[in-house]
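Encoded as structure tokens, the structure appears first; notes follow it.
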Amino acid sequence: MDETEIDFRHLFGIVRRQIKLIVATIALVLAIAVVAVFSITPMYSGTTLILVDPSRKNLLDPSNISGSSSTDSARVESEVEIVDSDAVLLSVISEKGLITDPEFGVKLGLRAKILAALRIRELTLPTGQDALGVVLSRFKSNITVSRRGLTYLIAVTVRSENAARAAELANAIAETYIRSQIDSKISTTRESRDIIQRQLIDAEKAVVLAEKAFDDYIFGNVNSFVTATGRSDLADLRNRINELTSERSSTESRVADLRQKLQGNDYQTLAAELENEAVAALSKQRADLQRALGEAAAGSARAVNLRQELEKIERNLAVEAETALSELQASVGDYDKQASTLRRDLNTAILGSNLPADTLAQIYRLQQMARNAATQYQALLARSQTLETESALQIADSRVVSPAFPPTGPSSPKVMLILAVAGLFAVGAGFALAFIFENFIGGFTSEEQVQAITRLPLATVVPRHSATTAQHSVSDALIDSPLSMYAESIRRLRATIDNTLQANMPPPVDGRPRLGFVIMMSSALPGEGKSTMSLSLARTLALSGASTLIIDCDFRKPSIQRHLNLEPSSGLVDFLVGDIASDDLLQSIVKTDEKTSLTAIVGARRSDVPTDQLITQERFTRLVQTARSRFDYVVLDSPPIEPVVDGLYLAKYADVITFVIRWAKTPQRLCVHSLQRLAQTKAEHCRIMTLLNQQEGKIGYYSAYSDYYSE
């Protein structure tokens with residue numbers, strides 16, 4: 001319980017002492033955060049949700065085929081990368097004209113403007129691929145594409161300075177992705193179709209070659225079949241097939257010749273060769289109209305009517321001729337059907353005949369080759385037609401399930417979150433700086449810290465104590481409150497100094513009386529309570545019955561006379577500069593404390609000569625020697641070490657140096673520096689100890705044994 005209470009008091013003490021630093025740090029960090037938050041351009045986020053269906057989709061095959069969960073997950077992750085790919089984003093950039101967009105388009109950045117202002121680089125906008133790359137990079141930095149957990153949902157989020165623009169671009173990315181997915185499936189299907197169509201050409205040739213090989217073998221060996229079987233009808237079938245083939249060729253040639261005459265408007269020859277009554281009648285009417293038109297006067301009404309009638313007859317003639325040619329062309333198909341029927345009859349008759357085994361085997365082999373070629377051709381043709389149909393019936397595997405809508409508020413900056421985080425950081429930074437300043441930069445806050453850093457013994461810790469009135473000194477507590485913690489800490493200092501002197505001072509030789517001890521009170525900086533500690537120590541020595549003299553050696557800012565409520569005296573300075581003879585020393589400059597038996601040599605004003613010269617003269621040495629011979633203790637209240645060098649010259653007279661450190665105020669670096677300088681100038685037998693002054697709170701043994709003290 002006691003340790004917990006001590007820790008909290010210690011922390012509260014740090015906060016109280018460094019409250020200004022903490023408040024200033026919090027205010028500065030919050031001010032920076034507020035300025036930063038309100039200087040950031042608000043950004044709006046539009047999010048589109050896309051659902052990916054990993055099953056295969058085919059409108060010609062209603063059954064859907066799904067993969068395993070692992071392959072589905074990999075498929076969704078792949079689609080995420082496709083949505084975020086440069087190809088999709090470049091399509092959106094081109095479609096939405098983002099090259100010239102004021103937010104995402106090509107523009108000069110701050111870095112380019114600075115370089116141009118410093119004449120390091122010319123102020124030019126990028127063009128071509130460089131401009132496209134800049135826009136793509138800027139656009140991509142404002143896009144987030146992610147999968148929602150382990151679902152099949154992909155979230156496409158676009159950030160923009162304009163709410164409607166953010167939603168528009170998010171939807172555009174989703175639409176472009178789905179459209180590219182369909183285009184990709186169509187392209188893949190058409191590539192497959194093209195490959196199969198190239199194979200169809202070879203398959204068709206194979207069918208023709210297989211059929212031809214079979215027919216050539218049959219027709220080429222009919223005579224041998226007749227001889228082997230004795231069936232003369234086989235030869236008759238072959239001859240009939242040849243006749244049909246010849247008639248077909250003749251008819252086809254005739255159709256081609258007549259169609260050429262039709263295209264050349266040679267209706268008279270066409271009518272003669274077609275032998276069609278309708279065509280012949282129309283041809284005769286045409287000839288009569290042409291003759292009548294030749295007899296009519298040019299430009300007359302009769303000529304115009306005749307010409308119109310002639311054009312009508314020619315149109316009818318062309319229609320009738322085309323009809324007759326179509327009928328003639330249909331007869332070609334009849335020849336093919338008859339020839340095909342006869343071929344089947346011939347093949348059946350041959351296969352049903354009693355032929356040698358090797359001949360039948362050869363026939364079956366050629367027949368099977370023809371069937372296989374036809375089957376393969378039919379399969380390729382069917383697949384080609386299916387792919388052609390599929391290319392027109394492709395649907396996307398993904399769809400938009402939730403389009404983006406313009407957001408009602410900005411997504412960044414998150415003002416409250418940033419300010420909350422900044423507030424927490426500010427409080428943490430304030431306390432951290434307070435702790436650093438308290439323990440590493442500002443001063444000492446514990447006994448262990450003093451001993452660890454100075455590597456010197458700590459004589460005592462003096463608690464903070466305030467004078468009751470402005471006319472009283474803090475050292476009056478030794479008389480007014482002899483059982484207080486303050487008075488006890490000074491007595492602890494006296495005991496520590498006595499033990500140190502007895503342990504380190506050599507005994508007198510030749511039976512001479514022991515001279516008095518010189519105790520020097522020093523500090524690094526002014527205002528650390530050094531004079532108060534000097535007077536308090538001198539008074540407690542006097543109260544213990546020892547004859548004690550205190551000398552105010554701070555010739556620049558003397559203060560002992562104020563603490564003792566004595567009249568100021570310039571006698572010490574006058575003596576040191578030679579204005580007072582040594583015989584008149586005690587009568588002129590020595591004063592007596594009204595509350596104790598303490599003797600004091602006080603000051604009165606700032607010296608007009610360099611103060612170090614006063615201390616280094618022989619008169620000051622004689623003063624100290626005289627004081628040693630007449631007093632048990634001589635306390636030297638020295639000036640601070642860092643501002644002036646006087647204390648370094650005083651150190652050689654001291655038997656013990658008590659270095660005053662003010663709680664949480666004396667900088668550690670200056671403290672160590674001052675102690676190092678004292679260690680270089682002190683006498684060899686002199687010991688240096690530290691004193692931690694004005695400790696706040698009841699800490700350590702004062703708290704543990706508070707019942708022993710009274711104020």
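Those helices (runs of 4 or more DSSP H) of the range 1-108 in which at least 1 residues are at pLDDT 85 or above, crowded, with 17+ Cβ neighbours inside 10 Å and in the same structural domain as R179 (by TED's automatic domain parsing), considering only elements entirely within it, cover 19-39, 69-83, 86-96. Annotation note: of S283, S253, the sole residue that is in a helix (DSSP H, G or I) and in contact with a Phe, Trp or Tyr (Cβ under 9 Å, 6 or more places away or on another chain) is S283. The criterion of at least 2 residues that are more than 30 Å from T445 (Cβ to Cβ) is met by the following helices (runs of 4 or more DSSP H) wholly inside the range 602-666: 611-616, 618-630.
Of the residues P526, P568, P482, the single one that is surrounded by fewer than 17 Cβ atoms within 10 Å (Cβ to Cβ) and under 60 Å from the mean Cα position of the chain (by Cα) is P526.
What are the residues in the range 646-666 that are of a type in the set (G, A, S) and out of contact with any Asp or Glu (no Cβ under 7 Å at 6 or more places or on another chain), if any? Matches in the range 646-666: G647, A651, A654. In the range 404-450, of all residues being touching a strand residue (DSSP E or B) at 6+ places or on another chain (Cβ under 6 Å) and assigned to a helix (DSSP H, G or I), the one that is surrounded by the most Cβ atoms within 10 Å (Cβ to Cβ) corresponds to V450.
Would the range 386-403 turn up any residue that is over 30 Å from V52 (Cα atoms), part of a helix (DSSP H, G or I) and out of contact with any helix residue (DSSP H, G or I) (no Cβ under 9 Å at 6 or more places or on another chain)? Within the range 386-403, not a single residue is over 30 Å from V52 (Cα atoms), part of a helix (DSSP H, G or I) and out of contact with any helix residue (DSSP H, G or I) (no Cβ under 9 Å at 6 or more places or on another chain). Taken over the range 22-44, residues that are touching a Gly at 6+ places or on another chain (Cβ under 7 Å) and not hydroxyl-bearing (S, T, Y) amount to 3.
Pairs meeting the criteria (first residue in the range 610-621 and at pLDDT below 85, second residue surrounded by fewer than 14 Cβ atoms within 10 Å (Cβ to Cβ) and part of a helix (DSSP H, G or I), beta carbons under 6 Å, at least 6 apart or on different chains) are lacking.
A single entry from L535, L501, L549 fulfils the requirement of being crowded, with 20+ Cβ neighbours inside 10 Å, in a helix (DSSP H, G or I) and touching a residue at least 24 places away in the same chain (Cβ under 8 Å): L535. Residue by residue through the range 603-647, note down the ones that are touching a helix residue (DSSP H, G or I) at 6+ places or on another chain (Cβ under 9 Å) and of a type in the set (G, A, S). Of everything in the range 603-647, those that are touching a helix residue (DSSP H, G or I) at 6+ places or on another chain (Cβ under 9 Å) and of a type in the set (G, A, S) turn out to be G603, A604, S607, S638, G647. Figure legend. Inter-residue proximity from the range 205-221: first residues over 12 Å from Y364 (Cα atoms), second residues of a type outside the set (A, V, I, L, M, F, W, C) and modelled with pLDDT of 80 or more, beta-carbon distance below 7 Å, spacing 6+ or different chains. Indicated pairs: V207/Y377. Taking G352, is it under 44 Å from the mean Cα position of the chain (by Cα), surrounded by fewer than 17 Cβ atoms within 10 Å (Cβ to Cβ) and small (G, A, S)? Considered against the rule, which asks whether it is under 44 Å from the mean Cα position of the chain (by Cα), surrounded by fewer than 17 Cβ atoms within 10 Å (Cβ to Cβ) and small (G, A, S), G352 comes out as no.
For G545, are the conditions met, namely being at positive phi and under 60 Å from the mean Cα position of the chain (by Cα)? Considered against the rule, which asks whether it is at positive phi and under 60 Å from the mean Cα position of the chain (by Cα), G545 comes out as no.
Annotation note: of I241, I178, the sole residue that is touching a residue at least 40 places away in the same chain (Cβ under 8 Å), assigned to a helix (DSSP H, G or I) and in contact with a strand residue (DSSP E or B) (Cβ under 9 Å, 6 or more places away or on another chain) is I178.
One line per residue, one yes/no per condition, for (1) within 21 Å of A339 (Cα to Cα); (2) surrounded by fewer than 13 Cβ atoms within 10 Å (Cβ to Cβ); (3) of a type in the set (S, T, Y); (4) within 60 Å of the chain's Cα centre (by Cα):
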| site | (1), (2), (3), (4) |
| --- | --- |
| D216 | yes, yes, no, no |
| N223 | yes, yes, no, no |
| S232 | yes, yes, yes, no |
| L237 | yes, no, no, no |
| R248 | yes, no, no, no |
| R259 | no, no, no, no |
| D266 | no, no, no, no |
| A281 | no, no, no, no |
| A292 | no, no, no, no |
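Here's the yes/no breakdown for (1) at pLDDT below 80; (2) more than 23 Å from G220 (Cβ to Cβ):
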{"site": "S250", "(1), (2)": "no, yes"}
{"site": "R259", "(1), (2)": "yes, yes"}
{"site": "G264", "(1), (2)": "yes, yes"}
{"site": "E275", "(1), (2)": "yes, yes"}
{"site": "L289", "(1), (2)": "yes, yes"}
{"site": "N305", "(1), (2)": "no, yes"}
{"site": "L325", "(1), (2)": "yes, yes"}
{"site": "T341", "(1), (2)": "no, no"}
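Per-residue answers, yes or no, for (1) surrounded by 16 or more Cβ atoms within 10 Å (Cβ to Cβ); (2) at pLDDT 90 or above:
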| site | (1), (2) |
| --- | --- |
| L110 | no, no |
| P126 | no, no |
| Q129 | no, no |
| V134 | yes, no |
| R147 | yes, yes |
| Y152 | yes, yes |
| N171 | yes, yes |
| T189 | yes, no |
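Residues checked against (1) under 28 Å from H465 (Cβ atoms); (2) surrounded by 22 or more Cβ atoms within 10 Å (Cβ to Cβ); (3) assigned by TED's automatic domain parsing to the domain that holds G529; (4) modelled with pLDDT under 90:
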{"site": "L636", "(1), (2), (3), (4)": "yes, yes, yes, no"}
{"site": "V645", "(1), (2), (3), (4)": "no, no, yes, no"}
{"site": "L648", "(1), (2), (3), (4)": "no, no, yes, no"}
{"site": "Y653", "(1), (2), (3), (4)": "no, yes, yes, no"}
{"site": "V656", "(1), (2), (3), (4)": "yes, yes, yes, no"}
{"site": "V660", "(1), (2), (3), (4)": "yes, yes, yes, no"}
{"site": "L670", "(1), (2), (3), (4)": "yes, no, yes, no"}
{"site": "Q676", "(1), (2), (3), (4)": "no, no, yes, no"}
{"site": "A679", "(1), (2), (3), (4)": "no, no, yes, no"}
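All of (1) closer than 30 Å to V88 by Cβ; (2) buried (at least 18 other Cβ atoms within 10 Å of the Cβ) hold for A203 with one exception: (1). Assess whether R371 counts as being surrounded by fewer than 16 Cβ atoms within 10 Å (Cβ to Cβ), outside any helix (DSSP H, G or I) and among the charged types (D, E, K, R). Taking the combined requirement at face value, the residue does not satisfy it. Does V660 count as of a type in the set (A, V, I, L, M) and more than 60 Å from the chain's Cα centre (by Cα)? When the stated conditions are applied, V660 does not pass them.
The values are calculated or read from the model by the stated rules, or taken from the named source; none is laboratory data. Just so you know, these numbers come straight off a predicted model, no measurement behind them. Don't worry about glycine lacking a Cβ; one is built from the backbone with ideal geometry, like all the others, and counts go over all protein chains shown.
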